[in-house]
Amino acid sequence: MENKHVDLRSDTITLPTVEMREAMARAVVGDDVYGEDPMVKQLEQEGAACVGKEEAVFLPSGTMGNLVAVLSHTGRGDAVLLDSESHIFYYEAGGASVVGGVQFWPLEGLHAGVGAVEKIEKGVRPPDQHFAPVRLLCLENTHNRLGGVIMPPQEMEEIYSTARHLGLRVHLDGARIFNAASALDIPVTDLTCHCDSVMFCLSKGLGAPVGSLLAGTASFIAKARRNRKLLGGGMRQAGVLAAAGLLALEHRHALKDDHRRARELARGLSALPGLRVDPSPPPTNIIIVHTAEIKLSPEKFCDFLEEKGIRAIPFGENRVRMVTHRDISDEDIKRAINGVEACLLQFQSHG
């Protein structure tokens, strides 16, 4: 184990624990499409209760969860408002447009912390035969591309009230919503009460090997189940996966350790010449390292890091992302800082 990489590419790379594997082996299963898998039913019930919604549906991925939500809230030719840096717009292959005939209407700086209401009001154009009618607003909390920043409940409440006034439904991409609640030290329902539906991932910080939940009203989830089937997401003896998901829900109380380690990593990296971390300190478990001053492309920087046993990912121009998670220890954080320092020294010696 001494030579293993410190893998900071994402919190999706966590491995199932021994307890998860044992629970998966013992799982009592049935056909979930027929509603007969007891582990899936338990996971959906507990997941819905966690976020304060009537019902939930288990899906293979967060991307499918977001797509199912958009399809269930809209019709062909409708428009969706969302942040121009949001995961749904940036990383989900345009699925709503391809499958649902839905137009994305990206708003720049929607999650910037100021002016969100004004941006939304301007984004809803008046009724006109030329315009795609806006039906849905999508939010993201925490926000991946902005470095795990949190939209606080007061802002979410104001946005939700505005959306309802404008006749919009609100879907929350809450892939890491438990990170937000943990960082703010509030119940997650303080955040999820300000949306009509919420998707959250079991396979990121919570550490399950597979799966996400989409939650909302009973009528909404009935639509979601049909759209899940349409997309090929109806799973059979999925209780094997749900058993791990149930244990993952329990891990939500331990996310503060990931945040603490992210702050320690950010402090160590910020002390190295030529590197800047923003936001600093990181609010949750995502660290964005700016590399412009070292005049090394993110791709090359990550290649150097790989040689030192550190894994990270390029994240746009002059940016590298690192993410702490359950499988990263305090010792791994020290190794990562030392590895980055060695990488910079090596580059300088060759430069």
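The values are calculated or read from the model by the stated rules, or taken from the named source; none is laboratory data. The shown structure was predicted, so the numbers you read here are calculated from the model rather than taken from an experiment. Positions of Cβ are backbone-derived with ideal geometry, glycine not excepted, and every protein chain shown enters the neighbour counts.
Would you mind stating whether V70 is in contact with a His (Cβ under 8 Å, 6 or more places away or on another chain) and either of a type in the set (A, V, I, L, M) or without any contact (Cβ under 8 Å) to a residue 40 or more places away in the chain (or both)? Criteria met by V70.
Residues satisfying the criterion are absent from segment 293-314 (criterion: under 30 Å from A25 (Cα atoms) and not hydrophobic (A, V, I, L, M, F, W, C)).
Here V114 meets the list (1) more than 27 Å from P282 (Cα to Cα); (2) among the hydrophobic types (A, V, I, L, M, F, W, C); (3) at pLDDT below 95 almost entirely, failing just condition (1).
Give segment 241-267 a look and list any residue that's of a type in the set (A, V, I, L, M) and over 27 Å from V29 (Cα atoms), or say none.
Those that are of a type in the set (A, V, I, L, M) and over 27 Å from V29 (Cα atoms): A254, L255, A262, L265, A266.
Looking across segment 105-119, the residues that are crowded, with 16+ Cβ neighbours inside 10 Å, more than 22 Å from D190 (Cα to Cα) and not aromatic (F, W, Y) come down to P106, L107, K119.
With respect to the stated conditions, D303 fails to be of a type in the set (D, E) and in contact (Cβ under 8 Å) with a residue 24 or more places away in the chain.
The residue that is nearest to D11 (Cα to Cα), among those in segment 129-145 that are of a type in the set (A, V, I, L, M, F, W, C) and buried (at least 22 other Cβ atoms within 10 Å of the Cβ), is L139. In the list T217, T291, which residue meets the criterion of being closer than 21 Å to F58 by Cβ and among the polar types (S, T, N, Q)? Exactly one of T217, T291 is closer than 21 Å to F58 by Cβ and among the polar types (S, T, N, Q), namely T217. What are the residues in segment 297-351 that are among the polar types (S, T, N, Q) and touching a strand residue (DSSP E or B) at 6+ places or on another chain (Cβ under 7 Å), if any? Answer for segment 297-351, where residues must be among the polar types (S, T, N, Q) and touching a strand residue (DSSP E or B) at 6+ places or on another chain (Cβ under 7 Å): just N318.
Of the numbered criteria (1) of a type outside the set (D, E); (2) closer than 30 Å to V33 by Cβ; (3) touching a helix residue (DSSP H, G or I) at 6+ places or on another chain (Cβ under 8 Å), the one H251 fails is (3).
So how many residues does segment 308-338 have that are within 12 Å of D7 (Cβ to Cβ) and part of a helix (DSSP H, G or I)? The number of residues fulfilling the criteria is 3. Of the strands (runs of 3 or more DSSP E) lying entirely inside segment 27-124, those containing at least 1 residues that are under 17 Å from the mean Cα position of the chain (by Cα) and of a type outside the set (F, W, Y) are 55-59, 79-83. For first residues located in segment 80-94 and over 13 Å from N144 (Cα atoms) and assigned by TED's automatic domain parsing to the domain that holds G109, partners that are aromatic (F, W, Y) and in a helix (DSSP H, G or I) and lie 6+ apart or on another chain with Cβ distances below 7 Å form the pairs L82/F89. Tell me yes or no: at least one residue of segment 22-35 is in contact with a Cys (Cβ under 9 Å, 6 or more places away or on another chain) and either β-branched (V, I, T) or in contact (Cβ under 8 Å) with a residue 60 or more places away in the chain (or both). Within segment 22-35, not a single residue is in contact with a Cys (Cβ under 9 Å, 6 or more places away or on another chain) and either β-branched (V, I, T) or in contact (Cβ under 8 Å) with a residue 60 or more places away in the chain (or both).
How many residues are of a type in the set (V, I, T) and farther than 18 Å from R228 by Cα if we restrict to segment 17-49? Of the residues in that region, 4 qualify.
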